[in-house]
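Comments concern the structure below.
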Amino acid sequence: MNRPARFSYPEVGATRHPEHLPAGYRHLRHRTLIGYGREVLEAAGETVTTWRMHRGMGTVVRAEAERADPGVRASLGLGLGPLTVSAPAEVIWSVREPDRIGFAYGTLTGHPAAGEESFVVEMRADRAVWLTVTSFSRPDRWWCRLGGPLLGICQALYVRGCGRVVRRAAGGPDGDGSRVAGSGFNHPEVGAVARPDRLPAGYHHLRHRALIGHGRSVLEAAGETVLGWRMHRGAGIRVDPGTPPAEAGVRVVCRIGAGPLRVTAPAEVLWAVREPDRIGFAYGTLTGHPEAGEESFVLTLGPDGAVWLTITAFSRPGRWYTRLAGPVVPLLQRVAARRYAQAVRRSVDPTA
């Protein structure tokens, strides 16, 4: 690859600080949930840093090295046949940390745009793995400037496609993070309960917070109750014997009611957390569950020593009979949340 080419913009390396992207460019930030757990992180990181993400989008990549390391140059072929455009770029920085993998490249002279783009896969505290694409760019060729806002739309579509490619590569053909979380979820927003401040629209939202007790010993005891399914059993829900403690990928079948009115509710644990001041998990509903959505149960130890159980959920009817029940179902969910809290409280204080 011809070495004399130079970067076509002055702010080289600015994507290292995505919160301070340079002015005078179009900014883009897009996040895609890839899946859960370290295995997904590693698989996604390999897909991103070995150009397989780009190739999966149909981009012809001619790179000096098979891994995107600083200084490596690549020519990205965009388009089809005689309409293919060559886009030369150079990797500016890369990162490979225990919970963060990715790289950024900058445009070289001859690229149709001028700017920089980074692709970073991160695993958060809740074990959720996200791909974040950050870029700043502006047209650098006359025909690119002529495209106007169409260029921004194409760029956004390309970035979304990158997320789908990485998710398929890291999570299996269903593209739902199934390498860890399995397939069969009956809702598309898998993992959304990890962001309780931005629960998806179109669902009933539930947030319930209850004081459990005080002190680290209470947190630990309550945590065992929550992770070991004793909270569910204490609330009158039957959990299949032998179900392992809650951790990412564990499937659980809950049974509610009795006799001919018994309802089977299969779910899968999306993530579990056990930190010094925070213990809990979340699960998502599988096909056959009477509801569609997710629920998290998280215990926290506050600075004042108070231990709180926070239950967060989003759900909508998943079967004909729950749709028929209408507003009765959300009412039952609130009752269940209170029963969960009572069961946890009793596990640390039998007199409660």
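The values are calculated or read from the model by the stated rules, or taken from the named source; none is laboratory data. Quick caveat, the model's predicted, so the values are computed rather than measured. All Cβ positions, glycine included, derive from the backbone under ideal geometry; neighbour counts span all protein chains shown. Protein only, heavy atoms only, side chains kept; ligands, DNA and RNA dropped before computing areas. Shrake-Rupley method; radii C 1.70, N 1.55, O 1.52, S 1.80 Å.
Checked across the range 269-291, the condition of being of a type in the set (S, T, N, Q) and under 24 Å from Gly223 (Cβ atoms) holds for at least one residue.
Looking at the structure I just gave you, is Pro317 under 19 Å from Glu189 (Cβ atoms), surrounded by fewer than 22 Cβ atoms within 10 Å (Cβ to Cβ) and touching a Gly at 6+ places or on another chain (Cβ under 8 Å)? No; evaluated as a whole, the condition is false for this residue. Restricting the range 46-80 to residues that are open to solvent by 50 Å² or more (accessible area, probe 1.4 Å) and at positive phi leaves a set whose member that is modelled with the lowest pLDDT is Gly79. Open to solvent by 20 Å² or more (accessible area, probe 1.4 Å) and of a type outside the set (D, E, K, R), is that true of Gly202? For Gly202, the condition - open to solvent by 20 Å² or more (accessible area, probe 1.4 Å) and of a type outside the set (D, E, K, R) - is met. Scan the range 100-111 for residues that are closer than 18 Å to Val133 by Cβ and either open to solvent by less than 30 Å² (accessible area, probe 1.4 Å) or touching a residue at least 24 places away in the same chain (Cβ under 8 Å) (or both) and the total you get is 8. Quickly run through the range 36-71 and pick out the residues that are touching a helix residue (DSSP H, G or I) at 6+ places or on another chain (Cβ under 8 Å), of a type in the set (Gly, Ala, Ser) and under 24 Å from Val85 (Cβ atoms). Hits for the range 36-71 are Gly56, Ala68.
Within the range 226-276, the set of residues being over 29 Å from the mean Cα position of the chain (by Cα), open to solvent by less than 50 Å² (accessible area, probe 1.4 Å) and modelled with pLDDT under 90 comprises Gly257, Val263. Taking every residue in the range 324-352 that is at positive phi and touching a residue at least 60 places away in the same chain (Cβ under 8 Å) and pairing it with any residue that is polar (S, T, N, Q) and open to solvent by less than 60 Å² (accessible area, probe 1.4 Å), at least 6 positions away or on another chain, yields no pair with a Cβ-Cβ distance below 7 Å.
Among the criteria (1) open to solvent by less than 10 Å² (accessible area, probe 1.4 Å); (2) among the hydrophobic types (A, V, I, L, M, F, W, C); (3) more than 21 Å from Arg316 (Cα to Cα), the one Val193 does not fulfil is (3). The residues in the range 277-291 that are more than 18 Å from the chain's Cα centre (by Cα), closer than 28 Å to Val263 by Cα and hydrophobic (A, V, I, L, M, F, W, C) can be counted, and the count is 0. Please verify whether Ala68 is touching a Ser or Thr at 6+ places or on another chain (Cβ under 7 Å), under 17 Å from Gly106 (Cβ atoms) and of a type in the set (Gly, Ala, Ser), treating the condition exactly as stated. So Ala68 fits the description; yes.
Return a yes/no flag: does the range 281-296 have any residue that is open to solvent by 50 Å² or more (accessible area, probe 1.4 Å), in contact (Cβ under 8 Å) with a residue 24 or more places away in the chain and touching an Asp or Glu at 6+ places or on another chain (Cβ under 9 Å). Scanning the range 281-296 turns up no residue that is open to solvent by 50 Å² or more (accessible area, probe 1.4 Å), in contact (Cβ under 8 Å) with a residue 24 or more places away in the chain and touching an Asp or Glu at 6+ places or on another chain (Cβ under 9 Å). Does at least one position in the range 303-310 carry a residue that is within 15 Å of Phe185 (Cα to Cα), surrounded by 20 or more Cβ atoms within 10 Å (Cβ to Cβ), in contact with a strand residue (DSSP E or B) (Cβ under 9 Å, 6 or more places away or on another chain) and in contact (Cβ under 8 Å) with a residue 12 or more places away in the chain? No, the range 303-310 has no match at all. Scanning the range 1-60 for residues being under 17 Å from Ser75 (Cβ atoms), free of Cβ contacts under 8 Å to residues at least 12 places away in the same chain and not basic (Lys, Arg) gives a total of 3. Contact map, the range 192-206: first residue under 14 Å from Ala125 (Cα atoms), second residue of a type in the set (D, E, K, R), Cβ cut-off under 6 Å, separation 6 or more or different chains; pairs are Val193/Glu294; Ala194/Asp126.
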